[in-house]
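Asker: Pasting a structure below so you can have a look.
The values are calculated or read from the model by the stated rules, or taken from the named source; none is laboratory data. Remember, it's a predicted structure, so these values are computed and weren't measured experimentally. Reconstructed Cβ throughout: ideal geometry from the backbone, glycine too, with neighbour counts over all protein chains shown.
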Amino acid sequence: MNSSLEKKALDFCIKNKHRYTKPRESVLRIIASSNKPIKAYDVLKHLKKVLKNPKPPTAYRAIEFWEKYNFIHRIDSLNAYFVCEAEHLHSGSQFLICNQCGEVTESHICEIPKIIKKKIEKNIFSAKSWNLEVKGICSKCF
Ligand SMILES: [Zn+2]
Ligand SMILES: [Zn+2]
């Protein structure tokens, strides 16, 4: 994991009085060092190499923690997690997913597209989170 992410995570925890526990630190590092979305099960597998006998809930709770605060995003269609590439917190997430090599790129729309927003407002629906996934072929796989 690059040290700036580590620093950002640590600063965030101090500022908001969250504990920067070993499992949290390790889980974020594992997800950040994976170049593809990683499933919770695989995070646990890696965690076993750095922590002594971690229980599955330990890994899952740490994943939940970082997801809640937008350090990582869940990619629903893959049931996997990916580190957030944005330098700021944002509520929605948007990804371009390559069908061939599995590479994922976060696109920084950061806001719900207007056309969807309009629909939501018309229906007096209160949106809490959103996730946009675009599948295709990346430039390396053309
Ligand atoms: Zn993000
Ligand atoms: Zn590709």
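Asker: Given the structure, is Ile124 aliphatic (A, V, I, L, M) and either touching a strand residue (DSSP E or B) at 6+ places or on another chain (Cβ under 6 Å) or surrounded by 12 or more Cβ atoms within 10 Å (Cβ to Cβ) (or both)?
Answerer: no
Asker: Here's a follow-up. Working only within the stretch 1-48, note down all residues that are basic (Lys, Arg) and either in contact with a Ser or Thr (Cβ under 8 Å, 6 or more places away or on another chain) or within 28 Å of Cys98 (Cβ to Cβ) (or both).
Answerer: Lys8, Arg29, Lys36, Lys39, Lys45
Asker: Within 16 Å of ligand 2 (Cβ to nearest atom) and either assigned by TED's automatic domain parsing to the domain that holds His18 or under 24 Å from Ser3 (Cβ atoms) (or both), is that true of Ile63?
Answerer: Here the answer is no, as Ile63 does not meet what is asked.
Asker: Checking the conditions here, which among Tyr81, Tyr41 is assigned to a helix (DSSP H, G or I) and of a type in the set (Ser, Thr, Tyr)?
Answerer: From the options Tyr81, Tyr41, the qualifying one is Tyr41.
Asker: On to the next question. Among the residues in the stretch 13-21, are any within 13 Å of the chain's Cα centre (by Cα) and part of a helix (DSSP H, G or I)?
Answerer: no
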